[in-house]
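Novice: Here's a structure for you.
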Amino acid sequence: MDRPVAVITGATSGLGRLAALELARGGYRIGVVARSRSKADTLLGELREAAADVQADVFHADLALVSQARRVGEEIAARYPRLDLLVNNAGVHAFSQRVTPEGFAEMTAVNYLGPFALTAALTETLLASGPARIVNVASEAARQAGTLSPGPDLRRTSSYTRRESMTLYGRTKLMTIMWTQELARRLAPSEVTVNCCDPGFNTTGLGRDLPGAALLRRVLHTLRVGDPRKGAGIIVRLATSPAFADTTGGYFSVRDATAMECPEPGRSERVRGELWAETVTLLSGLDAQ
């Protein structure tokens with residue numbers, strides 16, 4: 001393969017789409033993980049317009065299902081002998097509880113468990129390709145997580161209100177930051193760096209379940225509020241900039257890539273280790289079913 005390879009999730013819209021286009025312009029071969037075949041086809045057309053010589057592949061999976069996240073990871077590893085970059089960007093903010101067929105809360109599955117499983121399936125390929133990078137998209141909403149009890153929170157499927165959804169969404173993003181830092185601790189930075197970012201407020205499809213979201217996006221777009229190009233910019237910067245080549249375990253703001261601390265209660269090495277262990281146990285349990 002004569003060009004670097006980047007795999008990105010959630011690339012058919014919003015920040016992921018803009019990041020994929022920028023990476024294509026930068027000469028990357030793009031591997032897109034997508035649920036919708038029609039949206040993936042549209043993205044392929046846009047990638048060809050952005051870079052006439054682009055090389056792009058689509059891998060179909062619903063990342064709300066851990067089994068599909070694992071399966072698509074294995075497909076990607078089989079397709080690419082080398083993988084230089086993995087961007088875990090797919091995410092959802094559900095304003096009411098939806099439980100996946102595997103028995104997990106949809107937000108927990110899409111925002112945390114799916115990316116964890118996909119990354120695990122690709123870690124050996126990334127290590128063999130080093131130096132490689134992993135970029136996880138977190139959120140400032142992690143500050144709204146409040147408490148965290150890894151075992152119960154990973155398994156929580158009780159109903160919640162629209163107002164309560166922000167706390168639960170923030171908790172999944174806190175888990176993302178904690179997982180990023182724990183994975184970074186486990187991998188040699190000379191082989192694979194692992195960082196995450198807060199892409200800021202963006203008028204993307206993340207809040208598509210919110211009544212009136214489409215109208216709100218149009219108003220904000222007119223007012224030039226929540227420009228998603230800024231959020232995509234920090235993703236691409238962490239993914240490609242030489243300034244971050246040796247940086248790992250960081251959590252960076254969309255505002256000038258300022259380094260931030262993981263919000264409490266996620267700073268404890270003990271709690272990060274507990275979250276990792278509970279996640280591995282939970283996902284291992286799927287194998288036994």
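The values are calculated or read from the model by the stated rules, or taken from the named source; none is laboratory data. None of the values given here were measured: they were computed from a predicted structure. A quick note on method: Cβ atoms are made from the backbone with ideal geometry, for glycine too, and the neighbour counts reach across all protein chains shown. Side chains are part of the model used for accessible areas, which takes the heavy atoms of the whole protein and leaves out ligands, DNA and RNA. Shrake-Rupley method; radii C 1.70, N 1.55, O 1.52, S 1.80 Å.
Novice: Look through the stretch 1-36, keep the residues that are over 18 Å from the mean Cα position of the chain (by Cα) and among the charged types (D, E, K, R), and return whichever of them is farthest from Val72 (Cα to Cα).
Specialist: Arg25
Novice: Among the residues that make up the stretch 245-260, is at least one of them over 18 Å from Ala141 (Cβ atoms), charged (D, E, K, R), surrounded by fewer than 18 Cβ atoms within 10 Å (Cβ to Cβ) and at pLDDT below 95?
Specialist: yes
Novice: Could you please find all residues in the stretch 229-244 being out of contact with any Cys (no Cβ under 7 Å at 6 or more places or on another chain), open to solvent by less than 30 Å² (accessible area, probe 1.4 Å) and more than 18 Å from Arg185 (Cα to Cα)?
Specialist: Within the stretch 229-244, Gly231, Ala232, Val236, Ala239, Ser241 qualify.
Novice: So, in the stretch 161-199, of the ones that are in a loop (DSSP other than H, G, I, E, B) and open to solvent by less than 30 Å² (accessible area, probe 1.4 Å), which residue ends up modelled with the highest pLDDT?
Specialist: Leu187
Novice: I need the full set of residues from the stretch 261-271 which are buried (at least 17 other Cβ atoms within 10 Å of the Cβ) and touching a Phe, Trp or Tyr at 6+ places or on another chain (Cβ under 8 Å), in order please.
Specialist: Once the filter is applied, which keeps residues that are buried (at least 17 other Cβ atoms within 10 Å of the Cβ) and touching a Phe, Trp or Tyr at 6+ places or on another chain (Cβ under 8 Å), the stretch 261-271 yields only Cys262.
Here's the yes/no breakdown for (1) of a type in the set (S, T, N, Q); (2) touching a residue at least 24 places away in the same chain (Cβ under 8 Å); (3) under 30 Å from Thr157 (Cα atoms):
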{"site": "Gly16", "(1), (2), (3)": "no, yes, yes"}
{"site": "Ala20", "(1), (2), (3)": "no, yes, no"}
{"site": "Gly26", "(1), (2), (3)": "no, yes, no"}
{"site": "Arg29", "(1), (2), (3)": "no, yes, no"}
{"site": "Arg35", "(1), (2), (3)": "no, yes, yes"}
{"site": "Asp41", "(1), (2), (3)": "no, no, no"}
{"site": "Val66", "(1), (2), (3)": "no, yes, yes"}
{"site": "Gly73", "(1), (2), (3)": "no, yes, yes"}
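Novice: Just to be sure I understand the filter: pairs with C-beta atoms under 7 Å, separated by 6 or more residues or on different chains, first member in the stretch 124-153 and farther than 22 Å from Val92 by Cβ and part of a helix (DSSP H, G or I), second member open to solvent by 10 Å² or more (accessible area, probe 1.4 Å) and among the aliphatic types (A, V, I, L, M). Which pairs pass?
Specialist: From residues that are farther than 22 Å from Val92 by Cβ and part of a helix (DSSP H, G or I), the pairs are Thr125/Ala77.
Novice: Could you pull out every one of the strands (runs of 3 or more DSSP E) wholly within the stretch 1-90 that has 2 or more residues that are over 22 Å from Asn195 (Cα atoms)?
Specialist: Where strands (runs of 3 or more DSSP E) fall fully within the stretch 1-90 and carry at least 2 residues being over 22 Å from Asn195 (Cα atoms), they are 56-60.
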